[in-house]
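The values are calculated or read from the model by the stated rules, or taken from the named source; none is laboratory data. In this text the structure is predicted, and so the values were computed from the model without any measurement. Note that we place each Cβ from the backbone using ideal geometry, even for glycine, and neighbour counts take in every protein chain shown. What goes into the accessible areas is simple: the full protein's heavy atoms, side chains included, and nothing from ligands, DNA or RNA. Shrake-Rupley method; radii C 1.70, N 1.55, O 1.52, S 1.80 Å.
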Amino acid sequence: MTAAVVFQDLTLGYERLPAVQNLQTEIADGSLTAIVGPNGAGKSTLLKGMTGALAPLAGNVSFEALRRDDIAYLPQQSDIDRSFPLTVMDLVAMGLWREIGPFGRISGRHQDRIASAIATVGLTGFETRPIGSLSGGQMQRTLFARLLLQDARLVLLDEPFAAIDAKTMDDLISVVRRWHGEGRTVLAVLHDAETVSAHFPQTLMLARELVAHGPTEKVLTVENQFRARQKCEACVGPTHTCGRAAA
């Protein structure tokens, strides 16, 4: 299969302290992949490296036929400032930025697309609600609607189902399945093994370095999970700081 993303001996870190080391693997175009591993394994760091927010300490990540603006990124909710005075419609409309630019006019056609994205995630009627008043699940629905408008070929999700109710999770998994069915490449940082096994055919397991990558049933084994925990625990101690800031 054609690769969408290639990691070539990639090392990422903070203040010269590696959080991901010597990662060498490929993500197949159109694949649906979970990124798993213990706390401090480097999962969120890897996504930040893919977006360009974090420069490699060594090696590189290449996107083959993709451009940087073909990437849509959903950060963890804790990274989003919800005090900013935006409505649900304002935030969703930001998904059109690549298309219309920072000063472009939102046309009637754009308004229809915004309304469709909001309806897809089940938030019709919430358009004028301030984002600061939303529940965790409603905020995540809003962020998924913004991603729908970005129409990206590569979608990166950092803990997309954390702290949301079961109904919201089911609805958002349906959106992820839709992207996969459209041939987009989706990578999601996840913690729940049942969710990974049920919905993600491919899994990449990290523990600062690659533990395993392939079909989920072959990666998400007891042996691999034990190895991953051992690797991360070896980095915790008075002389080891490799797990710091490496979610």
*In the range 75-111, which residues are within 22 Å of the chain's Cα centre (by Cα) and outside any helix (DSSP H, G or I)?*
PRO75, GLN76, ILE80, ASP81, ARG82
*So which of LEU32, LEU46, LEU57 ends up being under 18 Å from the mean Cα position of the chain (by Cα), at pLDDT 95 or above and closer than 28 Å to LEU17 by Cα?*
LEU46
*If you check ALA72, ALA65, which single one turns out to be assigned to a loop (DSSP other than H, G, I, E, B), under 30 Å from VAL5 (Cα atoms) and hydrophobic (A, V, I, L, M, F, W, C)?*
ALA65
*asked:* Return the pair list, or none, for Cβ contacts closer than 7 Å from residues in the range 16-35 that are among the acidic types (Asp, Glu) to residues that are part of a strand (DSSP E or B) and open to solvent by less than 50 Å² (accessible area, probe 1.4 Å), at least 6 apart or on different chains.
replied: GLU26/ALA3; GLU26/VAL5; GLU26/VAL6; ASP29/ALA3; ASP29/ALA4; ASP29/THR185
*Filter the range 202-236 down to residues that are open to solvent by less than 20 Å² (accessible area, probe 1.4 Å) and over 24 Å from LEU32 (Cβ atoms), then give me how many there are.*
2
*Checking GLN111 against (1) in contact (Cβ under 8 Å) with a residue 12 or more places away in the chain; (2) out of contact with any Pro (no Cβ under 7 Å at 6 or more places or on another chain); (3) not aliphatic (A, V, I, L, M), which test does it fail?*
(1)
*Could you please give the count of residues in the range 154-163 that are at pLDDT 95 or above and open to solvent by 30 Å² or more (accessible area, probe 1.4 Å)?*
1
